[in-house]
Amino acid sequence: MQPKVYEVDEHKIAPDKIDQHAHFVITRLREAGHTAYLVGGGVRDLLLNQVPKDFDVSTSAKPEEIKSLFRNAILIGRRFRLAHIRFGKKVIEVSTFRAGATEDAGLIIRDNEWGTEEQDVMRRDFTINGLFYEPESQKVIDYVDGYPDIEKRMLRAIGQPDVRFIQDPVRMIRLIKFCARFNFDIHPPTFEALLNCKSEILKSSSARIFEELLRMLESGASKAFFHLLNEYGLLKALSPVLSKFLEKPDNLAYQLLSVIDDEVRKNSAKPLDRSLLLSTLIFPLFNEHLEEKCKSQEKLPHLGQIAESAHRTIDEVFTPFFSIPRRMRGIIGFLMTSQYRFIPIDGRTIKRPRAPRDSLFPMALHLLKVRSEVQPELLPHYTLWTEAAFASHEPTDTLDHAPRPRRRRRRRRRGPDEKPM
Ligand code: ATP
Ligand code: MG
């Protein structure tokens with residue numbers, strides 16, 4: 001099949017927007033006689049006038065050939081080998097053209113056959129992600145009608161949508177991600193397939209889905225994403241408890257996500273900690289659980305019981321499908337419990353707070369800050385605890401940083417004459 005080709009006077013991608021290192025990689029591959037293009041999300045984002053997160057290269061060169069051309073290349077992946085070419089912190093991912101688009105409606109288990117450039121785009125998920133860009137001639141090469149779909153702002157699966165979703169259910173999450181991020185419409189047959197295949201999501205790898213959820217929390221479009229994820233019925237399959245909670249009108253969780261989204265968009269260079277992001281998502285549910293607990297028992301829970309409840313909420317939200325890393329579970333539990341250290345559940349006011357020396361304290365304070373942007377009545381508490389942090393020289397500018405690892409306290413060695421107490 002002949003692709004449609006779009007010249008620079010039509011697509012108007014400015015050459016200086018192409019990452020220099022990706023350009024260098026493509027040029028070297030072409031000089032060695034291979035075909036090589038920029039592909040996927042990078043091309044899509046350039047056409048949408050957005051800054052691409054990463055630049056991927058697709059080429060006719062085989063992994064060993066790629067490796068022999070670049071000193072800084074390493075081959076990764078056991079099932080499907082691809083090259084990572086490292087430039088300082090940046091990695092350009094280079095993969096060999098692959099076949100793999102079949103119409104077999106089953107989970108994909110084999111996707112490691114080499115193919116032509118056309119086959120390489122046919123196995124990709126959506127038409128907007130199936131474009132090649134050739135930097136030297138500045139041509140956009142389109143086998144899948146992705147270019148007109150970008151113009152129409154339309155999300156359309158490549159191939160038969162239901163088959164493609166069954167083969168790899170993570171594509172449904174990706175569809176919702178692009179819908180939330182770009183506010184595109186979904187082509188009706190693709191949308192119908194999404195609704196028909198939603199329960200398939202439970203057959204996919206929970207680690208991959210967890211990673212997509214985390215990436216969306218970091219994306220600046222998390223509110224829209226979780227809204228759509230719930231509206232289209234996927235969240236109900238993944239986390240029934242969270243789904244039911246988010247259905248309630250005027251949900252505080254969405255308001256908190258909106259604050260987080262603003263923060264991410266304003267400060268995209270400094271990523272927020274993933275445990276903080278997850279705490280923002282589930283804190284309102286935890287708060288509701290705690291209120292129910294308070295109503296059902298005579299005595300108010302103390303901090304130890306609050307921490308137990310926090311862990312129970314975390315498990316209820318995640319364990320039906322995901323397996324949340326233990327360390328992350330511990331941090332989220334701490335961040336949510338700390339909210340009741342800051343503002344005691346019995347309504348007592350803390351006049352002279354002392355900031356704990358815990359390295360997670362700044363992050364817990366950050367969660368309080370996010371909450372007080374939605375609930376201004378919490379602001380005086382946030383101010384009080386921020387001042388306490390300054391007073392104890394706790395570096396408040398580490399608010400957005402990952403926590404420092406806890407130091408194990410060493411037992412003092414007993415001297416030879418000392419007796420145990
Ligand atoms: P982002 O901007 O979030 O990185 P992306 O589309 O670039 O979005 P990547 O995970 O970087 O996503 O994937 C790069 C490309 O690989 C995609 O644009 C798409 O062409 C292809 N791709 C990724 N995941 C799938 C999948 N599950 N099925 C088919 N193709 C996929
Ligand atoms: Mg990408």
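Miscellaneous remarks
- Packing, taken as the mean count of other beta carbons within 10 Å per residue, orders the peptides 352-359, 340-347 from highest to lowest as 340-347, 352-359.
- When the P(r) is computed for the chain, the part past 26 Å accounts for 62% of the Cα-Cα pairs.
- Counting all C-alpha pairs of region 1-152, share separated by more than 27 Å (%): 19
- Extension gain for Glu231-Arg28 works out to 68.4 nm (0.36 nm per residue, less the C-alpha to C-alpha distance).
- When the C-alpha to C-alpha distance is required to be over 22 Å, the pairs from Lys67/Lys177; Lys177/Lys223; Lys62/Lys89 that qualify are Lys67/Lys177; Lys62/Lys89.
- Region 153-184: trypsin sites (Lys or Arg not before Pro) falling in loop per DSSP and having at most 14 other Cβ within 10 Å: Arg153
- Taking a ≥ b ≥ c as the square roots of the eigenvalues of the Cα gyration tensor, an a/c ratio of 1.5 or more together with a/b no larger than b/c marks region 273-391 as oblate.
- Taking N as its residue count, the alpha carbon Rg of region 69-216 over 2.2 N^0.38 Å: 1.10
- Whichever aspartates and glutamates have a C-alpha closer than 15 Å to that of Lys351, once near sequence neighbours (fewer than 8 apart) are set aside: Glu387
- For Leu272, the amide hydrogen comes within under 5 Å of no other amide hydrogen, counting only partners 5 or more places away or on other chains and with H modelled in the peptide plane.
- Global form of region 160-249, assessed from the alpha-carbon gyration tensor, a/c cut-off 1.5: rounded
- In order along region 79-92, the Karplus-derived 3J(HN,Hα) couplings, from 6.51 cos²θ - 1.76 cosθ + 1.60 at θ = phi - 60°, round to 6, 10, 7, 9, 9, 9, 10, 9, 10, x, 7, 7, 10, 9 Hz, and Gly and Pro are given as x.
- Net charge over other residues, Cβ less than 12 angstrom from the Cβ of Gln138 (K, R count +1; D, E count -1): -3
A short reminder: the numbers here are calculations on the coordinates, not readings from a lab. Just so it is clear, the structure is predicted and the values come from calculations on it, not from any experiment. Using ideal geometry, Cβ is built from the backbone for each residue, glycine included, and neighbour counts are taken over all protein chains shown.
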